[in-house]
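The values are calculated or read from the model by the stated rules, or taken from the named source; none is laboratory data. Keep in mind that what you see is a predicted model, and the values were worked out from it rather than measured. All Cβ positions, even for glycine, are placed from backbone atoms using ideal geometry, and neighbour counts span all protein chains on display. Just so you know, the surface numbers come from the protein's heavy atoms only, side chains and all, with ligands and any DNA or RNA stripped out. Shrake-Rupley method; radii C 1.70, N 1.55, O 1.52, S 1.80 Å.
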Number of protein chains: 2
Amino acid sequence: MSDVISVVGHAAIDFLFDVEGIAGHNESYPIVDYQKFFGGGAANIVAAISILGGNSQLISAVGDDFATSGYEEHLDGLGVDLSLLFRLKGEKGTAAYVYTDPFHNQSTYFYWGASAKLKELEPPEVDFVHLATSEPNFNAKIAQKAKFVSFDPGQDLITYTRENLEVILQNTDVLFTNKHEIKRVCDMTESTFEDIKDMIDIVVVTYDAEGSKIFSDGAEYEIPVVPVTAVDPTGAGDAYRAGFLVSYVRGYPLDVCGKAGATVASFAVESVGCQTDLPTWDDMVARYESKFGAFPSLNE
Amino acid sequence: MSDVISVVGHAAIDFLFDVEGIAGHNESYPIVDYQKFFGGGAANIVAAISILGGNSQLISAVGDDFATSGYEEHLDGLGVDLSLLFRLKGEKGTAAYVYTDPFHNQSTYFYWGASAKLKELEPPEVDFVHLATSEPNFNAKIAQKAKFVSFDPGQDLITYTRENLEVILQNTDVLFTNKHEIKRVCDMTESTFEDIKDMIDIVVVTYDAEGSKIFSDGAEYEIPVVPVTAVDPTGAGDAYRAGFLVSYVRGYPLDVCGKAGATVASFAVESVGCQTDLPTWDDMVARYESKFGAFPSLNE
């Protein structure tokens, strides 16, 4: 099996606005400042994998502005394989517009754009795939073709049919959810958490500030967070997944994968934007060792 | 005096979003579709003047995206004189983000960007200037230098100090306001409408669907609207001003200037966007004649 991690989902432009107030019905507020960031779960993960030195591939539907916005140049420069992208002529790209007032209230508008077309597209065959927040039908189809499936339904869980969700879970080798999502997965499939753990080799559940837990083969690993001065929590989950997956592909034990994920996440929260200041493998190892002790060597 | 109409104010990008709902505090709504339009009052007016065959010049502060967004190419292609633009390196451009829900509720965020810097800039000397919505200090300075001043404070009236407003009015040859703004002008300067008419050669007051009135030298001209199927009222005022000013510079009588303005405005409201489907002089004359009868010839 190739060591390329193919990641399915969005490449989005995030527009983050500081505003004097959240504009309700027929209201208008000035924008104090704004910044444009490269985002979208799948793109955040491939960027982080590549910066860590892993081999990543983005499977996403993008519009004309993928090239004109500089996003293509950015990911290409990081070494992300873009050969399987669906480039949809005449479509606008996926984007999020997030308005934050001085009291940290947020108001968000999300545009699916090109990503909405994934539903009608035929996924490629890939070896190792991570399904980030994406279109449920496309995810269900690619999960059945791939040799190894990592699945992170995220907040889009509610958009899955029971059938799509079950097809994916039956093919899933690693499931990532937070504590709310794992309950919903159980509810939607009329399963217990024990059923899910029996069905899926590795289940990773995140608990925000309380860290994460990895359940596999009857064992349970508690992974604490790596405390830093957090500026922006957005992108922490994507960074965790990237750190976990790169370590996993390289053959590290599950607890090391989890700790590496937590370490990469700690970099992501230190600055605004999901793809800013992500660590190299050596950066990650250095911080990992300061928190968790010696990074293990692989017996190759 | 040159026949160039120099217009002071904003060149803004308008992002118009159709959304499933207006996102309040900590809410998120999908964007159904969106479109990007060239807008900003001053830029709307120079575009309309140029399409009508007049000579226009834009005096505005623009950021780096004026070139990258295609705005420069657009105005240059229309023949607008851009030689007096303040091109501010590292500044972002002026922009408006307007969200409209299925019930026509709107929520707007406005970014001044480069335009905010006008306050610190020294205006050029020009012959015939139209002051659109802009920065009050800059408008006050340029009004004192110009030979002929047309002034449209618009909804920014409230940002003027009494001193700035009075300096501009003392130098104003044509004042454009709507029925609310003229009251506010009187209040802010402790004047009666008679005082304003005595001070300013030509006062144009617009009354939405009831048309406009022109007051000059003791005379009063009632100008009806030109009825069309209105799709988007935005930009109607700017189009009126362009039609009025081009006709005025060409030497037509005031009632003809007003009717030409109303005619140009009727084109602007027929499509979404402020600079879409604006008329040439011949287009304007044809519709003018169908509504008002023969367009007069000038005795030159």
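Points worth noting:
- Straight-line cross-link partners of residue A:141 among the aspartates and glutamates, defined as a Cα under 19 Å from its Cα and at least 8 positions apart when in the same chain: A:120, A:122, A:125, A:127, A:152, A:156, A:163, A:166, A:173.
- Pairwise Cα distances in segment B:85-201 exceed 22 Å in 42 percent of cases.
- Label-point separation, residue A:2 to residue A:84 (7 Å along Cα→Cβ), nm: 0.7 nm
- Bridges between two residues of segment B:72-155, per DSSP, are antiparallel at a rate of about 60%.
- Percent antiparallel among DSSP beta bridges (both partners in the protein assembly as shown, rounded to 5): 40 percent
- The residue of chain B whose Cβ sits closest to the rotation axis that maps B onto A, together with that distance in whole Å, is B:24, 3.
- Selected from B:235, B:251, B:40 as most flexible by GNM, with chain B as the system and alpha-carbon contacts under 10 Å: B:251
- Tail beyond 20 Å, pair distance distribution of segment B:201-300 (Cα, percent): 31 percent
- Number of partner chain Cβ atoms within 10 Å, mean per residue of B:11-23: 2
- For peptide A:109-115, the mean count of partner chain Cβ atoms within 10 Å of a residue's Cβ comes to 5.
- Rg then Dmax, both in Å and based on the Cα atoms of segment B:151-223: 11.5, 33.
- 3J(HN,Hα) from dihedral phi, segment B:56-62, Karplus parametrisation 6.51/-1.76/1.60, rounded to Hz, x for glycine, proline: 10, 9, 9, 10, 7, 9, 10
- Once Rg and the Kirkwood radius are both taken over the C-alpha atoms of segment A:59-135, their ratio Rg/Rh works out to 1.04.
- 25 Å Cα-Cα threshold exceeded, pairs from A:117/A:213; A:147/A:179; A:89/B:36: A:117/A:213; A:147/A:179
- Helices in chain B, meaning DSSP H runs of at least 4 residues, each add -39500 (n - 2.57). Divided by all residues, the mean residue ellipticity at 222 nm is -10000 deg cm²/dmol.
- With Cα atoms defining each centre, segment B:166-221 and segment B:88-128 are spaced 26 Å apart in the structure.
- Across all directions, the shadow cast by the convex hull of the protein assembly as shown built on its C-alpha atoms averages 30.3 square nanometres.
- Given 13 as the ceiling on other Cβ atoms within 10 Å, longest exposed-site-free region of chain A for trypsin sites (Lys or Arg not before Pro) in DSSP loops: A:148-300
- Computed from the C-alpha gyration tensor, the three semi-axes of the ellipsoid equivalent to chain B are 28, 23, 20 Å, from longest to shortest.
- Of all DSSP-defined beta bridges confined to chain B, some 45% are antiparallel rather than parallel.
- What segment B:178-252 shows is 51 Å² of accessible area per residue, with the surface traced by a 1.4 Å probe over protein heavy atoms.
- Relative contact order for segment A:9-128: 30 percent, from Cα pairs under 8 Å spaced at least 6 residues apart, divided by residue count.
- Average beta carbon contacts from partner chains per residue of B:90-100, 10 Å cutoff: 2
- Between the residues B:111, A:67, B:24, the greatest Cα displacement towards the positive end of the dipole of the protein assembly as shown, with unit charges on the Cβ of Lys, Arg, Asp and Glu, is found for A:67.
- Here the protein assembly as shown is treated with +1 on each Lys and Arg Cβ and -1 on each Asp and Glu Cβ, and its dipole about the Cα centre works out to around 240 debye.
- Accessible area in the full protein assembly, largest first, 1.4 Å probe, for A:25, B:130: A:25, B:130
- Between residue B:270 and residue B:192, the contour length at 0.36 nm per residue exceeds the Cα-Cα span by 24.4 nm.
- For segment A:1-153, the equivalent ellipsoid derived from the Cα gyration tensor has semi-axes of 31, 16, 14 Å, listed largest first.
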